[in-house]
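The values are calculated or read from the model by the stated rules, or taken from the named source; none is laboratory data. Just so you know, these numbers come straight off a predicted model, no measurement behind them. Cβ placement follows ideal geometry from the backbone for every residue including glycine, while neighbour counts extend to all protein chains displayed.
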Amino acid sequence: MSEQTMDPAVGRDTPPSMVERISLILDAFSGRSARLTLEDVARHTGLPRSTAHRILDQLVRQRWLEHNSYGYGLGQRALGLGGRDGGHGKIREAAAPLLHELQITTGLVAHLAVLDGAEIYYLDKMGGRYASVVPSRVGGRAPAHSTALGKAMLAWMEPEQVEASLGAGLSRLTSRTIGEFSTLHQELHRIRQRRGLAFERGESFPGIACVAAAIRGHEGPVAGISLVGDIRTPLENVAPLVATAAREASQELFLGPASARRPRARRGTCAAPSTDASWSPETLNRLLAMDGRGDWM
């Protein structure tokens, strides 16, 4: 006789214990977008919608998950299991609506990360159909020098700080990963010339491209925001949106919610980058010039 119990409402087996059901729900956030709706959770776990909703509410009350208008995400207790929450709740709160808008507007995967020594540490991830292809997860890590997020933050540090943070050598993840400090410093200089926009094409994983900008405070970078797509994604079209989101997150964190903010794009619409006078087509062409190999300068 199976220990599984049949739910008469849905006609399928459900795990008998609460621990198993909780595990199913928490596992749903691993390797997928960090923001899931109730319907997403029910679909991924196979639990009845009412059961999933009841357990989700309990997990939110206990701070294992958080819930807002953008869905459910890992909470402070889940992120802090290794002592890694680090007081990043305010950064996540300030960036969440901006990540959501970026994801909805572009259809790409949006990330939020902080710099932790030689690595970046992912605080949030929002994505659509492409999210499962991007091998990142909330609470996961990646080498800072091989990611657009890491380079966007490193660009606002002194060269000595960069080398002290990254250590003795730069590991290569792919044939396109920067492996020498001299090359990395040249790249960071170009990022500063591009008003802080950092690009990555196949440096961390083959076939994946990314554009990022740093959230900056009075003493330097505190986090980074990025958009990720496949290698063919025209990142120059969405780069101004990433830069604007990073600037707005900085304003929210350091100037307060009363700071001036641009109107929100409606769901399903795409904000036109050229409406911002500081990002004219001529400016973009100059900032996003490519060299003969097709690499971002």
Cross-chain or 6+ apart pairs with Cβ under 9 Å, segment 123-144 first and on the phi < 0 side of the Ramachandran plot and in contact (Cβ under 8 Å) with a residue 24 or more places away in the chain, then hydroxyl-bearing (Ser, Thr, Tyr) and outside any loop (DSSP other than H, G, I, E, B): SER136/TYR122; ARG137/TYR122; VAL138/TYR122; ARG141/TYR121; ARG141/TYR122; ALA142/TYR121; ALA142/TYR122; ALA144/SER165
Filtered residues of segment 160-176 (kept if touching a strand residue (DSSP E or B) at 6+ places or on another chain (Cβ under 8 Å) and within 15 Å of ARG201 (Cα to Cα)): LEU173, ARG176
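One line per residue, one yes/no per condition, for (1) under 15 Å from the mean Cα position of the chain (by Cα); (2) surrounded by fewer than 22 Cβ atoms within 10 Å (Cβ to Cβ); (3) more than 12 Å from ALA148 (Cα to Cα):
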position: ARG172; (1), (2), (3): no, yes, yes
position: GLN193; (1), (2), (3): no, yes, yes
position: GLY207; (1), (2), (3): no, yes, yes
position: SER226; (1), (2), (3): yes, no, no
position: ASN237; (1), (2), (3): no, yes, yes
position: PRO240; (1), (2), (3): no, no, yes
position: ALA243; (1), (2), (3): yes, no, yes
position: GLU252; (1), (2), (3): no, yes, yes
Residue in segment 192-206 that is touching a Cys at 6+ places or on another chain (Cβ under 9 Å) and either hydrophobic (A, V, I, L, M, F, W, C) or part of a helix (DSSP H, G or I) (or both) present: yes
Search result, residues across segment 19-36 that are at pLDDT 85 or above and over 12 Å from LEU74 (Cβ atoms): VAL19, GLU20, ARG21, ILE22, SER23, LEU24
